[in-house]
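*Asks:* Pasting in a structure now, in structure tokens, and then I'll have a few things to ask.
The values are calculated or read from the model by the stated rules, or taken from the named source; none is laboratory data. None of these values were measured; they are calculated from a predicted model. Only protein heavy atoms, including side chains, enter the accessible area calculation; ligands, DNA and RNA are left aside. Shrake-Rupley method; radii C 1.70, N 1.55, O 1.52, S 1.80 Å.
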Amino acid sequence: MFQKVVLFIVLFVSIFSSNISKADPASCKGAWESILNVYTITPEYQALIGICGLDFKNKLWGKISTNKDLGYSGARKIMFSKLDNVNRVVCDVYSTQCIRTSGIPDPKVFNTEHSWCQSWGAVGISKDDLHHLYPVSSNINSIRSNYPFCEVVASTWSSDGSVFGESSSGTLCFEPRDEHKGELARAMFYFSV
């Protein structure tokens, strides 16, 4: 699953790389063929098929840039009281921990995960963009910190499928549990655009 999600991101990154459409149209076509062999493109994005480079990035941005600035407190309120709240229960995306709440919980218990960390540039309106904010236990949020996501090969901590440790290149990183990897990949791609 993780490899399939990574493949999807790599192909999309290659499609909107600023060099592909200018330097090598065959690479653009090949990237699209690879994506279309694995994925079905939903109708609202079919107009992007075959487009690469900055044209792709700009057209995709036009489709997803209709955000409303809720402010950080407003975004957290919506996340904890509506968006991720099912029958007054909110669950951590990195574990099986859940809490009962109808609003913003005690930050010592549950907090807001910025998938694209504030230290990576999630500031201003980006800080409160619900496309990359998720409920998470404060303990696990501290463990993840601002480490990059990866496949962990040498674990120093794990819980409910999420793992912290080293990647194959020796970089300290965090691997989310399988149930959240697809959503996380979508959030990271969205934020990179």
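*Asks:* How big is D, in µm² s⁻¹, for region 97-170 by Stokes-Einstein at 10 °C and 1.306 mPa s if Rh is the Kirkwood radius over C-alpha pairs?
*Replies:* D, rounded to a whole number, is 116 µm²/s.
*Asks:* Would you mind calculating the relative contact order of region 66-193 from Cα pairs under 8 angstrom and at least 6 residues apart, reporting the percent as a whole number?
*Replies:* For region 66-193, the relative contact order is 22 percent.
*Asks:* Show me, bin by bin at 10 Å from 0, the whole-percent P(r) of region 53-107 based on Cα pairs.
*Replies:* Computed distribution, short to long bins: 21, 35, 22, 19, 4.
*Asks:* Carbon-plus-sulfur fraction of the accessible area of region 85-193, 1.4 Å probe, in percent?
*Replies:* Of the solvent-accessible surface of region 85-193, carbon and sulfur hold 50 percent.
*Asks:* Using 25 Å as the Cα-Cα cut-off, could you pick out the over-long pairs in Lys57/Lys181; Lys59/Lys82; Lys29/Lys127; Lys68/Lys108; Lys82/Lys181?
*Replies:* Distance filter (> 25 Å) returns Lys59/Lys82; Lys29/Lys127; Lys68/Lys108.
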